[in-house]
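The values are calculated or read from the model by the stated rules, or taken from the named source; none is laboratory data. For clarity, every value in this text was computed on a predicted model and none was experimentally measured. Cβ: placed from backbone, ideal geometry, glycine included. Neighbour counts: every protein chain shown. To get the accessible areas, we keep the full protein, side chains included, count just its heavy atoms, and leave off ligands, DNA and RNA. Shrake-Rupley method; radii C 1.70, N 1.55, O 1.52, S 1.80 Å.
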Amino acid sequence: MSGQTLYDKLWQAHLVHQETDGAALLYIDRHLVHEVTSPQAFEGLRLAGRKPWRTAAAIAVPDHNVPTEHRDQGIADPVSRLQVETLDRNCTDFGIREFGMHDVRQGIVHVIGPEQGLTLPGMTVVCGDSHTSTHGAFGALAFGIGTSEVEHVLATQCLVTRKSKSMRIRVEGHPGAGVTAKDIALAIIGQIGTAGGTGYAIEFAGEAIRSLSMEGRMTLCNMAIEAGARAGMVAVDQTTLDYVRGRPSAPSGDNWQQAVNWWQTLVSDTDAVFDSEVLIDASTIEPQITWGTSPEMVVPVGARVPDPTSLADPVRQADGRRALAYMGLEAGTPMTDLAVDRVFIGSCTNSRIEDLRAAAAVIRGRRKADNVRQVLVVPGSGLIKQQAESEGLDRIFREAGFEWRDPGCSMCLAMNADRLEPGERCASTSNRNFEGRQGQGGRTHLVSPAMAAAAAIAGHFVDVRHF
Amino acid sequence: MKPFTVVDGLVAPLDRANVDTDAIIPKQFLKSIRRSGFGPNLFDEWRYLDHGEPGQDCSQRPKNPDFFLNQPRYQGAQILLARENFGCGSSREHAPWAIEDAGFRAIIAPSFADIFYNNCFKNGLLPVVLDAAIVDRLFAAVNAEPGYRLTVDLSAQQVVTPDGERFSFDVDAHRRMCLLEGLDDIGLTLRHVDAIRAYEARRRTEAPWLFE
C-alpha cells in the first residue's frame, strides 16, 4: 500500500463519520467569521432556535466593509455600517469572540488568523470566504464555504463534505531575483488554468516552496482558489514552527511539544501517490502580470498583450476578445507600455509585512509618477500597520506620495469606499482581475507588491528586475 | 429548502466561459443582511447600462438590450445554459441566491467551480454537468428555436430535449437525496451528535491545545 499524502492525513484526523454514499462528516477546528457571509447564517440559527456548538472555535472580524481612513468617524455608508453592526451584535448575542473595527488586532480575516496563532498546523479551518485556502500554508486543511455551511459549522462544528482528489505541484529549483511567491502563483495558474485545480486539494511542494517564508506560502495558498482548488497546502517544516511559536493563541509549555510532535508528521509520505502531478522549474518563472479578466490570462512582464485569434477554441477566442475590449487593450502591445491610473498594495494575498517591505524597498527615495492618481497601501492588520510604522515604512510610502491606510480588504473587491472609476487601469497586488471587481468598469492587472510599487513610480508597468 | 424533482422549463443561454461570482452578483449587493431579493441584480453590470446600487427600483433602470436576460424570448426561463467553470471566484452564496431569486431552478454547464457547485445544492438549485459537446449542441438548439425548453429530471438523472433525446448526468448520491427531499443538512448532521461528542472527547486528549 502506498503512503499517505498530507491531505490524506489531515482528512483522516478530522473524520467524524463516513457515509456509505461518499458523504463524510468532517470536524472543523477553527471557524473564521466576517461580516459579509455570516448575517444570514446567524439569522438561520435564530429562526431554528439553535445555538453555536462550540463558540471558542470561532473568531470574528469585520474586514470587507471597513473604511481604510478616518475610521474614528465610523462607516459613512449606512448599508455597510448595518452589516458591520450586525456582526458586532451577532457576536455579542451568540458569545463569539470578535476583533472589532477599532481593535488593533483587527484586519483581514486571512491575515489575522495566522498572526494570532488562531490558525495552527493540522487544523481544519473554514470561513465563508474563498481565500480561506490561505491557511493551508501551515499544513492545515483550509477551504472556503458558503453561508449555509457557515450556519452548519456554527450549529454542529462539522461539515458534510466529500474528499477531493489530490494534486501535487512541485516547483523545483530557485526563482531568480525579483520573482516572488505571487509570481509563482500566477505562473502556476497560467499553466494549469483557472479551473485546473477544480475538484482537487493542491499540495505545493519542491525546493522553491520550501525556500519561501510563511508570508510567501500564504500568498501562494491564497491563490489556489484562483486555480480552481478549494484548498492549497504546504507541508509543515521548521519555517512553519518558527512562525507559529509564541503567537498569542499558539500552544505553549507541554502542549507546544505535544503539538510539534504531531505537526512534524504533517508531510506527505515519500511513497504517497497523488491523483495528479505538475512539475514547474522555478528558474523559468519571470515576474508575472495579468492582461485580461481571469487570473489565467497572465504573461511574463516582458511579453506583449496576446492575440486571442491565435487560440483554437472558439469559446476561449471570444472570451479573449471580450477581455481585450473590457481591458481597453490591443493585441501586440508591450505590457510595459501600459500606463496605470491607480495602484493598490494590499489584500489577503499581499498585505503582510514582507509584502510592505518589498514594496518599500523598490521605491525608497522616489516619488510616484504624476499620471498615477492614487497609490493605496493597505496593511493586512492593525499589528502589521504598527510593525511597518516601527520600521519606518509608512514614511517611505508617504514620501513617495502613496497613501498609508488602515487595515481591511479595501480595493481588492471595493466593498468599502476604495474603488476604481470606470476605465481606470490599476496595478493591483490582489487576487482577482474579474470585470468590475475593483469598481465597475475598472481594469485590474494582478502583480506582485514590488511590481506594483515600481509601476507607481514609473507610471507604467516595468520589469522590477531592471528597475 | 425547496425540493427539486423535475423541472420542465424555458432555457436561457449565457454564452461565455469562466462566469465569475462577481459577475453573477456584484459586491455592492453583498452588503445586504437578508437572504432574498437578489434576483433583480443578477448579472447587474451586464444587464443594466447604469451603475447599480442596493435599494434601487431596477424596473426603472436602463437595460442592456443585447443581454440575454433582457430579451423577451427568455422571460420566465427556469434553466440557465452556461459554459465551462461557471461560478468561479468567491464563496458568496449570494450568487446562487440571486440565480434562484431570478426564477432559475437548474444550471447546465460543462463544468462548475467547486464552492459555487456546492452552494447551489443548499438552495434548491440543481447544477447539471453535461459533456461540452452536448452543451454546444444545446446552445445551437436554444439559439435556433425561440421557446426552446428542456426537462431536467433529478430522479432519473437525465436532461430530456423536446425531441425526446436523453442525456444522463452524474450527481452525488447524498446531495441528490437532500435535494429530492428538500432536507435540512443541519438536521441530518445532528443525528450524529454522539459521534461528534465522541470525536471531541478523543481529540481533547490527543490535541488539547485545540480546545483551549
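Summary of values
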item	result
Listed residues A:382, A:369, A:328: farthest to the positive end of the dipole of the stretch A:318-384 (Cβ charges)	A:382
Of all DSSP beta bridges in the protein assembly as shown, antiparallel share, percent nearest 5	30 percent
Set A:51/A:182; A:385/B:27; A:51/B:31; A:51/B:2; A:385/B:31; A:51/A:385 screened for pairs whose C-alpha atoms are more than 31 Å apart	A:51/A:182; A:51/A:385
Equivalent ellipsoid dimensions for the stretch A:301-384 as semi-axes, Å, which come from the Cα gyration tensor, largest first	33, 17, 12
Span from the the stretch A:1-75 Cα centroid across to the the stretch A:84-122 one, whole angstrom	12 Å
Cα principal axis extents for chain B, largest first, Å	64, 43, 26
For the stretch A:177-230, size of Cβ-based charge dipole, Lys and Arg +1, Asp and Glu -1, in debye	80 debye
Relative contact order (%) - the stretch B:24-114, alpha-carbon pairs under 8 angstrom, separation at least six	35 percent
For the stretch A:336-370 versus the stretch A:136-168, the gap between their alpha-carbon centres in whole angstrom	33 Å
For the stretch A:339-425: span of alpha carbons on each principal axis (Å, largest first)	36, 29, 17
Compactness index (Cα Rg / 2.2 N^0.38 Å), the stretch B:65-163	1.05
Neighbourhood charge, 11 Å Cβ-Cβ cut-off, centred on residue A:169 and excluding it, Lys, Arg +1 and Asp, Glu -1	-1
Heavy-atom accessible area per residue - the protein assembly as shown, 1.4 Å, Å²	34 Å²
Alpha-carbon centroids, the stretch B:83-129 and the stretch B:5-42: separation in whole Å	8 Å
Calculated on alpha-carbon atoms, Rg and Dmax of the stretch A:226-301 in Å	18.1, 51
For the stretch A:106-161, the fraction of alpha-carbon pairs in successive 5 Å shells from zero, as %	5, 21, 29, 25, 17, 3, 0
Within 10 Å of each Cβ in B:182-195, the average number of Cβ atoms from other chains	5
Cα lying deepest toward the dipole's positive end in the stretch B:111-212, options B:130, B:146, B:113, charges on Cβ	B:113
Of all accessible heavy-atom area on the stretch A:10-76, the percent that carbon and sulfur account for (1.4 Å)	50 percent
Listed residues B:3, B:77, B:21: farthest to the positive end of the dipole of the stretch B:1-126 (Cβ charges)	B:3
At least 20 Å² of accessible area lost relative to the chain alone, listed for the stretch A:429-448 with a 1.4 Å probe	A:432, A:434, A:435, A:436, A:437, A:440
Charge tally in the Cβ shell below 15 Å around residue A:260, where Lys, Arg are +1 and Asp, Glu are -1, residue A:260 excluded	-2
R0 of 35 Å, Cβ-Cβ distance residue A:163-residue A:395: FRET efficiency to nearest 0.05	0.10
Inter-label distance, nm, simple model (7 Å from Cα along the C-beta direction), residue B:63/residue B:161	2.9 nm
Choice from B:148, B:199, B:117 with maximal GNM fluctuation in chain B (Cα, 10 Å cutoff)	B:199
Anisotropy class of the stretch A:108-205 from Cα gyration tensor, a/c 1.5 cut	prolate
Protection proxy ranking, peptides A:68-77, A:153-162, A:308-317, average beta carbon neighbours within 10 Å, highest first	A:153-162, A:68-77, A:308-317
Relative contact order computed over chain A (Cα-Cα under 8 Å; 6+ residues apart), in percent	17 percent
Accessible area of the stretch B:72-163 belonging to carbon and sulfur atoms, whole % at 1.4 Å probe	46 percent
Dimensions in Å of the protein assembly as shown - Rg and Dmax from alpha carbons	23.8, 72
Interface size B-A, as summed buried accessible area [1.4 Å probe, Å², nearest 100]	5800 Å²
Other protein chain Cβ atoms within 10 Å, averaged over every residue that makes up B:198-210	5
For the stretch A:199-350, convex hull volume per residue from C-alpha positions, Å³	162 Å³
Sequence-separation-based contact order of the stretch A:309-467, relative, with Cα cut under 8 Å and 6+ spacing, percent	30 percent
The stretch A:279-367 - percent of accessible surface contributed by carbon and sulfur, probe 1.4 Å	51 percent
Equivalent ellipsoid semi-axes, the stretch A:34-124, via Cα gyration tensor eigenvalues times 5, rooted, Å	22, 19, 10
Computed label-point distance, nm, for sites residue A:307 and residue A:361 using a 7 Å Cα→Cβ extension	3.9 nm
Residues along the stretch A:304-326 losing 30 Å² or more of accessible surface when the other protein chains are present rather than the chain by itself (probe 1.4 Å)	A:315, A:316, A:319, A:322
Cβ charges +1 (Lys, Arg) and -1 (Asp, Glu), total dipole of chain A, debye	360 debye
